[in-house]
Amino acid sequence: MKHHPAAPPNRLGSVAALTLLVATGHAAAQSHFTAVRAQIDRGEPPILEVIESRIDASFAEVGTMPELYAKARASFGNNGALATATHQPLDLGAYAESIWMDGFTIAGDGGQGVLDISVQLTGTLDGGGQPGGPGSNSSYRLFVSSSPMTCDFDEMSCTGTLLIAPIEDFSGTHVATARLPFTYGQTFYLASYLGAEVLGHGQADFFGSAHFGATAPGGGPLVGSSGVTYALASAVPEPAPLGALLAGLMVIGLAGRRMHRFNNASGAPAPEGQPRMDA
C-alpha cells in the first residue's frame, strides 16, 4: 500500500485519544485500542492529494460504490477492510485499514509458557494488482511487544516486532499460525493490522477477515486488558481444500511487497518499545 507522507502520520492510541490523533497525528500508547482508517487519494509521494479520509475507533467509510469506495472495521480479535474502484485513473486510490492492540498477562507461579496463535484470513482480490502498481492488493501482519505499542497507518507498522510476517496479495482462505513464548505474570502486547487497497480498477474485499484466536497452556482462553475473552486457536477453522489451494497464491515475506503504499515505505518494523514520533 502507498506511503502517505503528505497526510498526518496517525499514531494510534485509545478511543479516548482519537481527538488528539485527528488534531495532531499523535496519540500516546495505551494498554488496548481499536482504530480504522478509510481514505481516497490521488498522486504519488511526495505530491499527494488526500481527497477524503475518515478515522474512527471501530468503523469508517469513504466514497461511493462502485466508482470509488473504502470501508474498514475493527474489534478486539477481528479486522475487516474493503476497497473498490471502477475504471478510475491509475493514480486514484481507495484504502481501508484496521488495527487492534491489546495487552495480556497470563497468571502463574513464574516460569515460561508458550501461547498458540491462529489467524484466519479470508478475502478476494481482482483487478490484476501488480508490484508497486495499479490494481487490488492486501496485507496482514501481527506484532508483539513487551510494552504498549503505537501504530502508524502510513507505515503499516506498530512499535513492536513481527510475530507473523506480512501475508500479502492472496485470494481465498489462509490460516497463519505462530507460537509465542511468554513468562507467567509478565504482560505482553499484540497488535493486528489488516489493509486493503485498489488503484485504478478492481476490488480487495477482506471485510470479513481477519479472525484471531489464541490458546494458553492447558487449553485455557486468553483474556486481554480490554476485558475481551479471545477465541481459542483451535476455534479458528482451517481453510477448505479450495481455500488452501488459493492460499498458495499468496506472497509471504518482507521482500517483494506488492502493496503500493508499502513499496514506498521503509518496510522494517519499529524497534520494540521505541515508538516512532516522526512528523
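The values are calculated or read from the model by the stated rules, or taken from the named source; none is laboratory data. For clarity, every value in this text was computed on a predicted model and none was experimentally measured. In this analysis, Cβ positions are derived from the backbone assuming ideal geometry, glycine residues included, and neighbour counts consider all displayed protein chains. When the accessible area is computed, the model is the full protein with side chains, heavy atoms only, and any ligands, DNA or RNA have been set aside. Shrake-Rupley method; radii C 1.70, N 1.55, O 1.52, S 1.80 Å.
What to note about this one:
- Mean shadow area of region 128-220, taken as a quarter of the surface of its Cα convex hull (nm²): 7.2
- The three principal axes of the C-alpha atoms in region 96-177 carry coordinate ranges of 53, 26, 17 Å, sorted with the longest axis first.
- Rolling a 1.4 Å probe across the protein heavy atoms gives region 118-232 an accessible surface of 28 Å² per residue.
- Heavy-atom accessible area ranking, 1.4 Å probe, most first, across HIS32, HIS174: HIS32, HIS174
- Over region 22-177, Cα pairs under 8 Å with separation of 6+ residues give a relative contact order of 20 percent.
- Backbone geometry of region 186-203 corresponds, through the Karplus equation with coefficients 6.51, -1.76 and 1.60 at θ = phi - 60°, to 3J(HN,Hα) couplings of 9, 7, 10, 10, 10, 10, 10, 10, 9, x, 10, 8, 9, 10, x, 7, x, 9 Hz, x marking Gly and Pro.
- Where labels lie 7 Å past Cα in the beta-carbon direction, separation of ILE51 and ASP109 in nm: 6.3
- With each label modelled as a point 7 angstrom along the Cα→C-beta vector, the VAL228-THR177 pair spans 2.3 nm.
- With Cα atoms defining each centre, region 82-98 and region 164-225 are spaced 23 Å apart in the structure.
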